[in-house]
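The block underneath contains the structure these notes are about, expressed in structure tokens.
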Amino acid sequence: MTEFSSRVEAISISGIREVFEAAGEDAINLGLGQPDFPTPEHARRAAIEAIEAGDADAYTSNKGTSELREAIVAKHARDNDVSVDPENVVATAGGSEALHIALEAHVDAGEEVIFPDPGFVSYDALTRLAGGEPKPVPLREDLTLDPATVEAAITDETAAFVVNSPSNPTGAVASEADVRAFARIADEHDVLCLSDEVYERIVFDGEHHSPLRFAESDNVVVVNACSKSYSMTGWRLGWVTGSSERIERMLRVHQYAQACASAPSQYAAEAALTGPQEPVEEMRAAFERRRDVLLDGLEEIGLETATPQGAFYAMPRVPDGWVEEVIDRGVVVVPGEAFGENGAGHARISYAVDIETLKDALEIMSAAADAVR
Ligand SMILES: Cc1ncc(COP(=O)(O)O)c(C=O)c1O
């Protein structure tokens, strides 16, 4: 029999799915990584109109329509104060494909990729698929990534380091000083900084900063998506931006693996990015109210939690057996170790649910804490 590749044998299906399967059908799901809001109406409309007009039937340019890429360029100018050439944007099948083509294009067999631990599950898996060596690094007490930790982990074999702010699974937001330091590290060590900014619009305290703004070299590649900002996870529309040389290499992978991002979704994304931004602010404000309810509740239960400043996750420290107890009682949370060794002793709680549901879940979490203490 044909053997499976060693690269694919080095990864497995995400542990998060197992947690969902373990929970009953009517469980309260605080395990989901997606907003619980509808996609903005104008984005849906744009896709419908493009389909009805017959504009979405064919392949687009490999990089995506020029109108979408112009919309992405305008977004980077508006939100990040960076000037991006529309030729240096590739629209992808979500942030996931953007991460994939970035790592495929930059990581050689045996080369190291540094990323936060706990961190988003794809960094480890996509590094392995590219034939690279995952180098997870621990976080500070407040669950932010310390540039000094990244710098100390860099070796001659390092191909890239990943920065993810706001972060999944911690909700931590990097300070401007840290983001400037990441840019400096990319410049000084001549190593790629892969900045995953998919949660950039969901920030409660402080501000989102992109290392792309501060780097003096072309060593920053940014991954972003409409998925979280516009509640468009099902549309599968993200993008990657970087220097023309890097884009040309990433495009080689994208061209053969994907050809182009889904055309109807490109129209929806263009409308989302250029249309009214109020739905984004409404979602952000709703997440902030829920974060506050969750933090108060966790404090009452006595679970120590670093204050998440963005995204829609909190990562409290939890006693042994608590995650299993909570799941048994009908609330899905994800054990911290699903996000790396250093996630052990924590749980990731997603608050992409309404406040009433969150309050019900907190009561169950409180009872579970009493049961295991
Ligand atoms: C940190 C992070 N990056 C990237 C992604 C991928 O997002 P997309 O749905 O756009 O592929 C996710 C999704 O959960 C994420 O949490």
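Structure notes:
- Those helices (runs of 4 or more DSSP H) of the range 144-261 in which at least 1 residues are closer than 21 Å to E97 by Cβ and out of contact with any Ser or Thr (no Cβ under 7 Å at 6 or more places or on another chain), considering only elements entirely within it, cover 244-257.
Listed here are the residues, each with its yes/no results for (1) modelled with pLDDT of 95 or more; (2) among the hydrophobic types (A, V, I, L, M, F, W, C); (3) within 16 Å of the ligand (Cβ to nearest atom).
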| site | (1), (2), (3) |
| --- | --- |
| V173 | yes, yes, yes |
| A177 | yes, yes, no |
| R184 | yes, no, no |
| D187 | yes, no, no |
| V203 | yes, yes, yes |
| S210 | yes, no, yes |
| V222 | yes, yes, yes |
| S227 | yes, no, yes |
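- Close contacts from the range 122-151, counting a first residue that is under 15 Å from S6 (Cβ atoms) and a second that is in a helix (DSSP H, G or I) and among the aromatic types (F, W, Y), with Cβ to Cβ under 8 Å and a gap of 6+ residues or different chains, come to P134/Y123.
- Residues being part of a loop (DSSP other than H, G, I, E, B) and more than 14 Å from G64 (Cα to Cα) - total across the range 81-101: 4
- Hits in the range 92-113 - residues which are at negative phi and within 9 Å of the ligand (Cβ to nearest atom): T92, A93, G95, S96, E97, A98, L99
- Scanning the range 332-352 for residues that are surrounded by fewer than 20 Cβ atoms within 10 Å (Cβ to Cβ) and either out of contact with any Leu (no Cβ under 9 Å at 6 or more places or on another chain) or closer than 16 Å to L298 by Cα (or both) yields E337, E341, A344, G345.
- The residue pairs whose first member lies in the range 224-246 and is farther than 13 Å from S265 by Cα, whose second member is near the ligand (Cβ under 8 Å from one of its atoms) and not in a strand (DSSP E or B), and whose beta carbons are closer than 7 Å, counting only pairs six or more residues apart or on different chains, are N224/G95; N224/V198; K228/V198; K228/Y199; V240/A98.
- All conditions in (1) closer than 18 Å to D81 by Cα; (2) within 16 Å of the ligand (Cβ to nearest atom) hold for V253, with the sole exception of (1).
The values are calculated or read from the model by the stated rules, or taken from the named source; none is laboratory data. These numbers come from a predicted model, not from an experiment. No Cβ is skipped: glycine too gets one built from the backbone with ideal geometry, and neighbour counts run over all protein chains shown.
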